[in-house]
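Asker: Following this message is one structure expressed as structure tokens.
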Amino acid sequence: MNGTPSTQDADDRVDTTLTGSWASFSAGPPVVLRIEGSRVELLGESHCRGTLSKEDGGHVIRLKCDDGNTDRTLGKIYRSGTSTMTVDWEGFGADSMQRTDSESFIG
């Protein structure tokens, strides 16, 4: 194995229960993470888009922000229930997130 992902088999598909909007108030200004299948969007001080994939048995978010911000560009998801999760961002820290209606948090 060379570490490069190839075609995904059933065990590598993203968890559809992650689909939806998640809000965090844990690390500075609030952010909303929207997940739809393998597509991800982060809204807050920065606007970022990217992908969700399953790697090494866990779910990983890879984002690119419109303004070049790199705080939340690579994160690993840890689930703690159907309505809560933690995203541990490489080099930034963790966001504790709750499933929510994101429209109530976006100005």
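The values are calculated or read from the model by the stated rules, or taken from the named source; none is laboratory data. From a predicted model like this one, the values you see are computed outputs, not experimental measurements. Because the Cβ atoms are built from the backbone with ideal geometry, glycine has one as well, and the counts that use them run over all protein chains shown. For accessibility, only protein heavy atoms count, side chains too; no ligands or nucleic acids. Shrake-Rupley method; radii C 1.70, N 1.55, O 1.52, S 1.80 Å.
Asker: Hey, could you check the stretch 34-49 for residues that are assigned to a loop (DSSP other than H, G, I, E, B) and in contact with an Asp or Glu (Cβ under 7 Å, 6 or more places away or on another chain) and say which is farthest from Asn69 (Cα to Cα)?
Answerer: Top of the filtered list is His47.
Asker: Anything in the stretch 69-78 that is within 13 Å of Ala94 (Cα to Cα), open to solvent by 60 Å² or more (accessible area, probe 1.4 Å) and either touching a residue at least 24 places away in the same chain (Cβ under 8 Å) or outside any strand (DSSP E or B) (or both)? List them, or say none.
Answerer: Residue satisfying the conditions is Asp71 alone.
Asker: Related question: Return the only residue of Glu36, Glu41, Glu90 being touching a residue at least 12 places away in the same chain (Cβ under 8 Å) and within 18 Å of Val14 (Cβ to Cβ).
Answerer: Within the list Glu36, Glu41, Glu90, the selection yields Glu36.
Asker: Does Arg62 meet the test of being at pLDDT 90 or above, out of contact with any His (no Cβ under 6 Å at 6 or more places or on another chain), of a type outside the set (A, V, I, L, M, F, W, C) and open to solvent by 70 Å² or more (accessible area, probe 1.4 Å)?
Answerer: So Arg62 fits the description; yes.
Asker: Go through the residues of the stretch 47-64 one by one and say whether even a single one is free of Cβ contacts under 8 Å to residues at least 60 places away in the same chain, among the aliphatic types (A, V, I, L, M) and touching a helix residue (DSSP H, G or I) at 6+ places or on another chain (Cβ under 6 Å).
Answerer: No; the residues of the stretch 47-64 include none that is free of Cβ contacts under 8 Å to residues at least 60 places away in the same chain, among the aliphatic types (A, V, I, L, M) and touching a helix residue (DSSP H, G or I) at 6+ places or on another chain (Cβ under 6 Å).
Asker: While we're on this one: Looking at (1) part of a loop (DSSP other than H, G, I, E, B); (2) touching a strand residue (DSSP E or B) at 6+ places or on another chain (Cβ under 6 Å); (3) not polar (S, T, N, Q), which one does Met85 not meet, given that it meets all the others?
Answerer: Here Met85 clears every test but (1).
Asker: Which pairs have Cβ atoms under 7 Å, sit 6 or more apart or on different chains, and link a residue in the stretch 5-27 that is within 12 Å of Ser53 (Cα to Cα) and modelled with pLDDT of 75 or more to one that is of a type in the set (Ser, Thr, Tyr) and part of a loop (DSSP other than H, G, I, E, B)?
Answerer: Matching pairs, first to second residue: Val14/Ser38.
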